[in-house]
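No lab work stands behind these numbers, since they all come straight from the coordinates. Computed from a predicted model, the values in this text were never measured in an experiment. Note that each Cβ is placed from the backbone with ideal geometry, even for glycine, and that neighbours are counted across all protein chains shown.
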């Protein structure tokens, strides 16, 4: 009999790639969605016939417990969150409710409803924030610099607590920045690739940017979901840093994007707007993924330049089609 997986955040970037990956492995895939007034299933419409959507919300304990009891999933991937860092400064309480306490609620739903389920928590490199060492490992002290980072840190530690308190198979992947053509347009990488595509097609004159010196470890989301899955195939639950081990600045991402469409002198098209600076900046994040490389036998397949080119190609196609 095929395994059953429940994915929260299935309509998001990571959730859609995870659903594709698990379907290819022969899983029965269930996706948790909350009731909204607008349809938000664009990222999974091509696989909608093969997945089963169930209604629930990370802010509603009863709905989560009911879903877990009904499905009895072998694996649960918690990929839902309020995940946009700038919004977390404007909506810190909401971010805490969903991104922090939401983890407790889903863990409690598993503990009460089907404790043998294996649980994956999407932790974040933003927990390192003002990085205490370079590169960052599973043992690097945390120093979050945003309400999002703080909320993710709570989610991370409550996962450890449930693992140790209730002997649950619960683990966290501390994922560094992972992007794709399915990334939301509010995120800096997609903002760049969409903006550059529009500039190339004459639809936009300027790209307004914030801090170009911030450095991140950027990978492809489609590669990272394999690492998440591998974590739940281990004999014992452990936390892993998931990243490429390379760092690139926002400026480098910009240069690569303009180069991909054949535009020189990127400075002519970019303006710095202080409104896009964070109240507390995270300057440098770079993973040390040796544990994942050796213990999970996982490595990212997509290079930085391939990632940028993939995203630019997709946005050019969308802008040309007027989508």
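Details
- Judged by the ratio a/c of the largest to the smallest principal axis of the C-alpha gyration tensor, region 1-63 counts as oblate, that ratio being 1.5 or greater while a/b is no larger than b/c.
- Note on 160, 85, 241, 93: ascending count of other Cβ atoms within 10 Å places them as 93, 160, 85, 241, the fewest first.
- Given their separation in residues at 0.36 nm each and the Cα-Cα distance between them, residue 290 and residue 277 gain 1.5 nm when the chain is fully extended.
- Nearest 10 degrees, 0 to 90: helix 221-231 Cα axis against the chain principal axis: 20 degrees
- Candidates 30, 114, 277, ranked by Gaussian network fluctuation over the chain, Cα under 10 Å, top entry: 277
- Pair residue 238, residue 267: separation of 7 Å Cα→Cβ label points (nm): 4.8 nm
- Helix-only mean residue ellipticity at 222 nm for the chain, each DSSP H run of n ≥ 4 adding -39500 (n - 2.57), per residue, nearest 500: -12000 deg cm²/dmol
- Region 172-281 shape via C-alpha gyration tensor axes, a/c threshold 1.5: prolate
- If a spin label sat at a point 7 angstrom from the Cα of residue 35 along the line to its beta carbon, the backbone N atoms of region 60-77 nearer than 16 Å would be those of 60-64, 66-67.
- Annotation: extensible slack from residue 47 through residue 130 equals 25.9 nm (criterion: 0.36 nm per residue apart, minus Cα-Cα distance).
- Angle in degrees between helix 250-260 and the longest Cα principal axis of the chain, rounded to the nearest 10: 70 degrees
- Expected-Rg normalisation [2.2 N^0.38 Å, Cα atoms] applied to region 163-233: 1.58
- Put in order of Cβ neighbour count within 10 Å, fewest first, the listed residues 244, 104 become 104, 244.
- Taking 0.36 nm per residue of sequence separation and removing the Cα-Cα distance, the residue 89/residue 60 pair yields an extension gain of 8.1 nm.
- Taking the fewest neighbouring Cβ atoms within 10 Å as the starting point, the ordered list for 229, 218 is 229, 218.
- Overall shape: oblate for region 86-157, with the ratio a/c of the largest to smallest alpha carbon gyration tensor axis at 1.5 or above and b/c at least equal to a/b.
- FRET efficiency for residue 212 and residue 157, using Cβ-Cβ distance with R0 set to 30 Å, rounded to 0.05: 0.35
- Residue of 276, 220, 258 that the Gaussian network model of the chain assigns the largest fluctuation, springs spanning Cα pairs under 10 Å: 276
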